[in-house]
1. Could you check, for region B:32-39, whether at least one of its residues is at pLDDT below 95, on the phi > 0 side of the Ramachandran plot, assigned by TED's automatic domain parsing to the domain that holds residue B:66 and over 21 Å from the mean Cα position of the chain (by Cα)?
2. Consider only pairs whose beta carbons are under 8 Å apart and that are at least six residues apart or on different chains; among these, list those whose first residue lies in region A:267-287 and is assigned by TED's automatic domain parsing to the domain that holds residue A:194 and whose second residue is open to solvent by 30 Å² or more (accessible area, probe 1.4 Å) and not in a helix (DSSP H, G or I).
3. Taking the conditions exactly as written (closer than 30 Å to residue B:26 by Cα and open to solvent by 10 Å² or more (accessible area, probe 1.4 Å)), does residue B:218 satisfy them or not?
4. Could you give every pair whose Cβ atoms fall below 8 Å, whose first residue belongs to region B:48-60 and is of a type in the set (Gly, Ala, Ser), and whose second residue is assigned to a loop (DSSP other than H, G, I, E, B) and within 6 Å of ligand 1 (Cβ to nearest atom), counting only separations of at least 6 or pairs across chains?
5. Evaluate the following for residue A:190: is it assigned by TED's automatic domain parsing to the domain that holds residue A:270 and free of Cβ contacts under 8 Å to residues at least 24 places away in the same chain?
6. For region A:59-140, which fully contained helices (runs of 4 or more DSSP H) count at least 3 residues that are at pLDDT below 90?
7. Can you find a residue in region B:28-37 that is surrounded by fewer than 19 Cβ atoms within 10 Å (Cβ to Cβ) and farther than 18 Å from residue B:196 by Cα?
8. Within region B:202-217, track down each residue that is more than 13 Å from ligand 1 (Cβ to nearest atom) and of a type in the set (D, E, K, R).
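The values are calculated or read from the model by the stated rules, or taken from the named source; none is laboratory data. Model, not experiment: these values are computed from the prediction. Heads up, the Cβs are rebuilt from the backbone with ideal geometry, glycines too, and the neighbour counts pull from every protein chain shown. Side chains included, ligands, DNA and RNA excluded: accessible areas come from the protein's heavy atoms. Shrake-Rupley method; radii C 1.70, N 1.55, O 1.52, S 1.80 Å.
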Amino acid sequence: MNSIAHRIGSANRLDGAASAAGFARPSPPLPVWAGGVVAALVWLAAAGLTHWLPDDDDLGRTDLLALAAAAIGVVILAAVVAVGRRPARRESRIGQLRAAGPWLVALALGLVAWELVTAKYAVLPRPFFVAPQSILEVFTDDWARLGESVLRSLLLVVPGYLLGAAIGFLTGVAMGWSRFVGYWVHPVIRLIGPLPATAWLPVAFFAFSSSRGASTFLIALASFFPVAVLTWSGVSAVGKSYYDVARTMGASPWFLVRKVAVPAAMPSVFVGLFMGLGASFSVLVVAEMMGVRAGLGWYMQWAQGWASYGNMYAALLVLAALCSGAVTLLFRLRDRLLSWQKGLVRW
Amino acid sequence: MVSGKRGFRLEVRGVRHAFELRGQDLPVLEDVDFVAEPGEFVALLGPSGCGKSTLLRLVAGLEPSSEGSILVDGQPITGTDPSRIIMFQDPTLYPWRTVRANAAVGPEARGTLKRDAARIDAALALVGLADFAAAYPHELSGGMAQRASLARALVNDPHLLMLDEPLGKLDSLTRLAMQRELSALWQRAGFTALLVTHDVEEALLLADRVLVLSDRPARILADLRVETPRPRRRDDPRLVALRSEVLGLLGLAEAA
Ligand SMILES: Nc1ncnc2c1ncn2[C@@H]1O[C@H](COP(=O)(O)OP(=O)(O)OP(=O)(O)O)[C@@H](O)[C@H]1O
Ligand SMILES: [Mg+2]
């Protein structure tokens, strides 16, 4: 907003005065971040409770958990001091931090409740329900294996996803652009596409000599379909007038594809990339549970086999962070590439 | 902006055109026949929906006509060509490109981006959008988008420039200024111009000849020569007389 106003501010003498007054007005100082103060206190209370209330059973890492909670409390307190009464707009970093106050409080309260019903009073049956410190213990004691699993999962899902997305994109563009390609590929995509990629599992493990090759194929297949279909629909939806403009100015077909069809279809392509990401992760986990003897999926299944539910939940948490991180990355990329679009959904 | 290039001689010979609309033939142009001499400024006036934009699309080479032929400098046209540039009625700017990048589409498509850099900036300055070069289309007003589209057309240095209601969305002050700029540009650059407009005064101020078209299917009702020397004043008695004549042809005699 501000940058546009700045860029065009000088253009319009009449508007100039009004907009300058609107934008340059100094914002009044804000009250001290009360949400932060409350959150810090609740986190510190959670730390004290964890430390001083005795565990129902012999659990490791209780003190580390208390320490971590206390550290979070202190950090929030420091943030309260640092933010002070400085004015901040809602979308700024500080504004977002201020808005997060209620969540920080809720998280601390959730931790306390979780701690009470598991570690302190064992209301929920073990071993299915795990105390927070036990999950923390997995991270401190089994981080090497967990880390390796993350790495193995990434090495499997990233190439597979990218391969599928790239082929899907090219297929979609070709289908949208060329009647010939559309004629031959459309029926195939229609029949095969909606089939869940996991249904190919037996075939893939039979057809590929290595489980790695089979899984990459399946993950690529999972991302291929949505990317291809949405790219295709995006390219088909490009208005004829967009092509007319470029054609009258001497554009080659290649220019029309690269500089008109593809950019116009990009919003739709990103929907496909987003859907493909979810499908790829889902195939990844299944493939790791079924055939690949490594990665987070395998780790979870292995943990479940040994009834180490703490390990299972820890892996689940890591997987969630991984998926969410991947989606965040994708949305960042989209925000950069599609900054010309209005009203993008924020992730 | 100026190349001193000669304008095309445009011949529209017996052009008939019909669209198919829900299985029915919709005749849009009926035996349209005229010649625009090199460097001539011809205005097309006619009721809404009569087929003016269609005629421009045919001359641009975007569609073949159902019947008749269109020749430039004696050669029948075979398709689109950057020497015949059309500014569409709808701005159709690419929303993913900035104003400057939109204006640069033509040179970019032909690989002359470097050579034409100055032309692009000059065209943006001419339409008064130099300060908005970095803005995206959704940040423009309707009139600004139209001016950006005009800049995008001018950048190409055409021999034949077709303008489809280029100033339709402008306020009357900007409109007057842009009419002056267009007239001056045409006199400097020497291209042949085909202007579609709803505004009788605009046609009389800018054009050497005004073709008045009938209701759909469009036929040429009258071919009026505007002899008044430039710069013209809209209250010139000869223009006022021509204006009543045109309005009469369009069935709006009482408005005159
Ligand atoms: N692609 C098309 N398919 C079918 N009919 C069309 C098509 N394009 C235009 N027409 C029809 O042709 C007729 C003339 O359209 P055109 O756009 O040439 O009118 P116009 O004279 O430019 O009108 P206006 O002044 O309102 O812009 C209209 O009745 C319209 O419905
Ligand atoms: Mg029209």
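1. no
2. The qualifying pairs are A:267/A:341; A:268/A:237.
3. no
4. B:49/B:216; B:51/B:216; B:53/B:89
5. On the way: assigned by TED's automatic domain parsing to the domain that holds residue A:270: yes; free of Cβ contacts under 8 Å to residues at least 24 places away in the same chain: yes.
Against the criterion (assigned by TED's automatic domain parsing to the domain that holds residue A:270 and free of Cβ contacts under 8 Å to residues at least 24 places away in the same chain), residue A:190 qualifies.
6. Working: elements: A:62-83, A:93-99, A:101-115.
Once the helices (runs of 4 or more DSSP H) in region A:59-140 are filtered for at least 3 residues that are at pLDDT below 90, what remains is A:62-83, A:93-99.
7. Yes, that holds for at least one residue.
8. B:202, B:208, B:209
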